[in-house]
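Please treat every number below as a calculation from the coordinates, not as lab data. Since the structure is predicted, the reported quantities are computational estimates derived from the model, not experimental observations. We place every Cβ from the backbone using ideal geometry, glycine too, and count neighbours over all the protein chains shown.
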Amino acid sequence: MDFNDTPEEAAFRAEARAFLEKHLDSKGSKPLRQRIDGAEFMQRAKAWQALKADNRYAQITWPEAFGGRGGSAMQQVIWNQEEAKFDAPVGPFTVGLGMCIPTVIAFGSDAHKARYVNKALRGEEIWCQLFSEPAAGSDVAGVKTRAVRDGDHWVINGQKVWTSGAHYSDFGILLTRTDPKAPKHRGLTMFIVNMKQPGVEARPIHQASGGREFNEVYFSDVRIPDADRLGEVGAGWKVALVTLMNERLAVGGSPGPDWSEIMDYARSAGTLKDQAFREKLADWYVAAQGYNLTKFRTQTALSRGATPGPESSIGKIITANQLQDICNEAIEMQGHYGVMTDPERTASDGLFQQSFMWAAGLRIAGGTDEILKNIIAERVLGLPGDVRVDKDVAFEDLKQG
Ligand SMILES: Cc1cc2nc3c(=O)[nH]c(=O)nc-3n(C[C@H](O)[C@H](O)[C@H](O)COP(=O)(O)OP(=O)(O)OC[C@H]3O[C@@H](n4cnc5c(N)ncnc54)[C@H](O)[C@@H]3O)c2cc1C
């Protein structure tokens, strides 16, 4: 492991930091996760994305032909780390640029690339990922949304759920079932869908935090031209795997308050002398240091041009669980006042309350704790795989419900 930047990485970090300092305010102690659904925020986010694209910071690893920098994965990590220190209006483009557009680049036609890539890179069009359904989340190959061929179009009917940003998205990538007679992984097909066309209805889900970041999405006789199919008919699972593999490099910023923030809070609240609390603090500190070293290992692999292995699944299990524990503890410390969420009236500007409500989602999004533990068990520790009873059975013959 090498904890230091190489001279080239240090030069890139300095260049990135100078650009960020010129255009953004430092994050300082601003605690709350940004709400990404307000019109003013969206305008700022689009302007920031266009500025990044003009200066080739928008997607650092993408080839220059697609508006990227042709840079390394390590440069992307450095950019993420530096941008996280500033009040950068990011969020609405993460799913599109991190997952959808790389899929369009991998499976789309030249016409698709010319039409969609640059507009997404500049933040002019926003994308969402329409995979999960009420009965298909961890087991996403179980999707039931039907696509039925009608001449040179497909007709879509069904429902998606938890679709981040669908209510403000222009396009989505949509996983559908085209052949219920095939085994579940073989009867799927992926499409590009225009989210603004008739028959597509995004209903925002109101969250306990007050935000509305994701949606139920209903498709009623939506027509998609066959030209907007990504990959072969029946090969949607292969396309979906590319989307899922492209999840952004998650080794950059921090998801919320950590051991040091609760220690500061406990000091101000006078609870640092509590022996039981100090033992918990020590556990959080040790786990955080262990995770930091794992991150350094991932970064060293990236820096040497290697691909990080399945051990990076450890990161989200540690950080999401720790975030939930730390926020829970801080809320408990606040006694009756802990139930208030208004940043104006709450200790630490509501940092612990808002992050507590976000932490549960973090433990589910992008793979639940259990699924990540399965990955670690099977692919890191070499333990036997999950039992699979559905592999060669027609989807329509599987027990549902
Ligand atoms: C913040 C957030 C944003 C999201 N954004 C999107 C999005 O933009 N697009 C999209 O398509 N989806 C999105 N999702 C959905 C997300 O992918 C799913 O919620 C996730 O995959 C889990 O699926 P599920 O909710 O159906 O739970 P289920 O899969 O039904 O799981 C229920 C429980 O069973 C456990 N479980 C399931 N299978 C196994 C197994 N094999 N072994 C052990 N335990 C198991 C799970 O760990 C969990 O505890 C988002 C979710 C969240 C929370």
| query | Pairing the Cα long axis of helix 7-23 with the longest principal axis of the chain, what angle in degrees results, from 0 to 90 and rounded to the nearest 10? | reply | 90 degrees
| Loop sites in the range 100-204: trypsin sites (Lys or Arg not before Pro), DSSP, at most 13 other Cβ within 10 Å | K181, K196
| Simple Cβ-charge dipole of the range 7-92, Lys/Arg +1 and Asp/Glu -1, about Cα centre, in debye nearest 20 | 240 debye
| message | What is the sum of charges, Lys and Arg at +1 and Asp and Glu at -1, for the other residues whose Cβ falls under 13 Å from the Cβ of A320? | response | -1
| request: Report, to the nearest 10°, how far helix 259-269 tilts away from the longest principal axis of the Cα atoms in the chain, using its own Cα long axis and a range of 0 to 90°. | output: 50 degrees
| Can you list the lysines whose alpha carbon is less than 16 Å from that of K27, not counting same-chain residues fewer than 8 positions off? | K85
| Reach of K391 by Cα under 20 Å, taken over lysines that are not fewer than 8 positions away in the same chain | K144, K181, K184, K238, K399
| said: Please compute the length gained on full extension between R297 and Y168, using 0.36 nm multiplied by the number of residues separating them and subtracting their Cα-Cα distance. | reply: 42.7 nm
| How are the Cα pair distances of the chain distributed, in percent, across 10 Å bins from 0? | 4, 20, 30, 28, 15, 4, 0, 0
| What angle do you read, to the nearest 10 degrees and between 0 and 90, between the alpha-carbon axis of helix 313-333 and the longest principal axis of the chain? | 50 degrees
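Need the full-extension length gain, E201 to I364, defined as separation in residues times 0.36 nm minus the C-alpha distance. One decimal, nm.
Details: separation 163, 0.36 × 163 = 58.68 nm, distance 2.42 nm.
Full extension of this stretch gives 56.3 nm more.
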| task | Just need the relative contact order of the range 7-92 here, percent rounded to a whole number, with Cα pairs under 8 Å and 6+ apart. | result | 40 percent
| remark: Here the percent of antiparallel bridges among DSSP beta bridges lying wholly in the chain, to the nearest 5, is 85 percent
| What GluC sites (Glu not before Pro) in the range 174-279 are in a loop by DSSP, with at most 10 other Cβ atoms within 10 Å of the Cβ? | none
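For the range 7-92, what class follows from the C-alpha gyration tensor (a ≥ b ≥ c being the square roots of its eigenvalues): rounded when a/c is under 1.5, otherwise prolate if a/b is larger than b/c, else oblate? Write down the numbers at each step before the final one.
On the way: a/c = 2.17, a/b = 1.37, b/c = 1.59.
Taking the square roots of the gyration eigenvalues as a ≥ b ≥ c, the range 7-92 is oblate.
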| note | Using alpha carbon centers only, the range 117-192 is separated from the range 308-331 by a whole-angstrom value of 29 Å
| remark: Toy charge model, Lys and Arg Cβ at +1, Asp and Glu Cβ at -1: the chain dipole around Cα centroid in debye, rounded to 20, equals 440 debye
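Can you give the relative contact order of the chain as a percent, counting alpha carbon pairs under 8 Å and 6+ residues apart?
Dividing the mean separation by the residue count of the chain yields 15 percent.
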| remark: About its Cα centre, the range 101-180 carries a charge dipole, from +1 on Lys and Arg Cβ atoms and -1 on Asp and Glu Cβ atoms, whose size in debye to the nearest 20 is 40 debye
| message | Between R379 and K113, what is 0.36 nm times their sequence separation minus the Cα-Cα distance? Round to one decimal in nm. | response | 92.3 nm
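If you take every DSSP beta bridge whose two residues both sit in the range 127-245, what share of them, in percent to the nearest 5, is antiparallel? It would help to have the intermediate numbers written out before the result.
Numbers: 30 of 36 bridges.
Here the share of antiparallel DSSP bridges comes out near 85 percent.
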